[in-house]
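Novice: I'd like to ask some things about the structure below.
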Amino acid sequence: MAAKIFDIENIGSVRITKRSGMSSLRLSISGNGEVRVSIPTWSPYQSGVDFARSRAEWILQNVPAQEAPLQSGHRIGKAHRIVFL
């Protein structure tokens with residue numbers, strides 16, 4: 001599995017991974033905000049970069065905002081709160 005990281009303006013770092021057995025491009029965002037594009041092995045990396053650029057608006061809407069660090073009293077789930085001693 002070959003991978004390269006590209007810095008794309010307005011989006012930031014995008015990891016483009018070549019995967020065997022794929023026939024189309026796939027865009028995903030991990031829980032920590034990493035943008036990933038999976039492409040077929042026969043496809044050039046530039047096609048992944050172009051795909052990410054064409055979906056820039058969707059990416060910016062769906063990248064999770066950086067949250068403030070946990071503090072005492074923050075809610076965890078529905079019925080729990082964190083307490084630092």
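Novice: Only residues that are open to solvent by less than 60 Å² (accessible area, probe 1.4 Å) and among the small types (Gly, Ala, Ser): list them for segment 39-56, please. Even if it seems obvious, please write down each step before you answer.
Specialist: Narrowing segment 39-56 to residues open to solvent by less than 60 Å² (accessible area, probe 1.4 Å): 39-40, 43, 45, 47-49, 51-52, 56.
Ser43, Ser47, Gly48, Ala52, Ala56, listed by residue number.
Novice: Specify which of the listed residues (Asn32, Asn10) is modelled with pLDDT under 95, touching a helix residue (DSSP H, G or I) at 6+ places or on another chain (Cβ under 7 Å) and not β-branched (Val, Ile, Thr).
Specialist: Numbers: Asn32 fails: touching a helix residue (DSSP H, G or I) at 6+ places or on another chain (Cβ under 7 Å).
Sole residue among the options that is modelled with pLDDT under 95, touching a helix residue (DSSP H, G or I) at 6+ places or on another chain (Cβ under 7 Å) and not β-branched (Val, Ile, Thr): Asn10.
Novice: Testing Ile59 on (1) within 19 Å of Asp7 (Cα to Cα); (2) open to solvent by 70 Å² or more (accessible area, probe 1.4 Å), one condition comes back false. Which one is that?
Specialist: (2)
Novice: Search segment 20-37 for residues that are over 15 Å from Ser54 (Cα atoms) and pair each with any residue that is aliphatic (A, V, I, L, M) and surrounded by 11 or more Cβ atoms within 10 Å (Cβ to Cβ) when their beta-carbon atoms are under 8 Å apart and the residues are at least 6 apart or on different chains.
Specialist: Met22/Ile39; Ile29/Val35; Ile29/Ile59; Ile29/Val63; Gly33/Val63
Novice: Within segment 5-38, how many residues turn out to be among the basic types (Lys, Arg) and open to solvent by less than 60 Å² (accessible area, probe 1.4 Å)?
Specialist: Restricting attention to segment 5-38, the residues satisfying the condition of being among the basic types (Lys, Arg) are 15, 18-19, 26, 36.
Still in the running and open to solvent by less than 60 Å² (accessible area, probe 1.4 Å): 18.
So the count comes out to 1.
The values are calculated or read from the model by the stated rules, or taken from the named source; none is laboratory data. Since the model is a prediction, treat every value here as computed from it, not as a measurement. No Cβ is skipped: glycine too gets one built from the backbone with ideal geometry, and neighbour counts run over all protein chains shown. We work out accessible area using only protein heavy atoms, side chains counted, and drop any ligands, DNA or RNA first. Shrake-Rupley method; radii C 1.70, N 1.55, O 1.52, S 1.80 Å.
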